[in-house]
Amino acid sequence: MDFKIVLEHGEDGWLTSTCPSLPGCISQGKTVKEAVENIKEAIELHLETLAEDGVPITTKNKNSKELLVSVKI
């Protein structure tokens, strides 16, 4: 399964990684590589928990919409 992830630089130098289609699935890393590896592991564990609890797995968050906007500065 493919999941969209979001990486954000924190003021502390760490990267926070989230998976918008899996609310609460959050990780972090010092580098992009580490943050991506960590969120992949978090997603796997999250999916295992959903499966154990009998919750359907989806790759899309039905409550969100992705848009790209242009802003003039």
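The values are calculated or read from the model by the stated rules, or taken from the named source; none is laboratory data. If you're wondering where the values come from, they're calculated on a predicted model, not measured in any experiment. Cβ placement follows ideal geometry from the backbone for every residue including glycine, while neighbour counts extend to all protein chains displayed.
I'd like to verify a number: residues in region 5-16 that are without any contact (Cβ under 8 Å) to a residue 24 or more places away in the chain and assigned to a loop (DSSP other than H, G, I, E, B), how many?
Of region 5-16, the ones without any contact (Cβ under 8 Å) to a residue 24 or more places away in the chain are 6, 8-16.
Subsequent filtering for residues that are assigned to a loop (DSSP other than H, G, I, E, B) retains 10-14.
Result for region 5-16: 5.
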> Can you name the number of the only condition in (1) surrounded by 14 or more Cβ atoms within 10 Å (Cβ to Cβ); (2) among the small types (G, A, S); (3) modelled with pLDDT of 90 or more that S21 fails?
Replying inline: (3)
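With the requirement that a residue be part of a strand (DSSP E or B) and farther than 16 Å from F3 by Cα, what does region 17-52 give you? It would help to see each step written out before you state the result.
Filtering region 17-52 for residues part of a strand (DSSP E or B) gives 17-18, 26-29.
Matches in region 17-52: Q28, G29.
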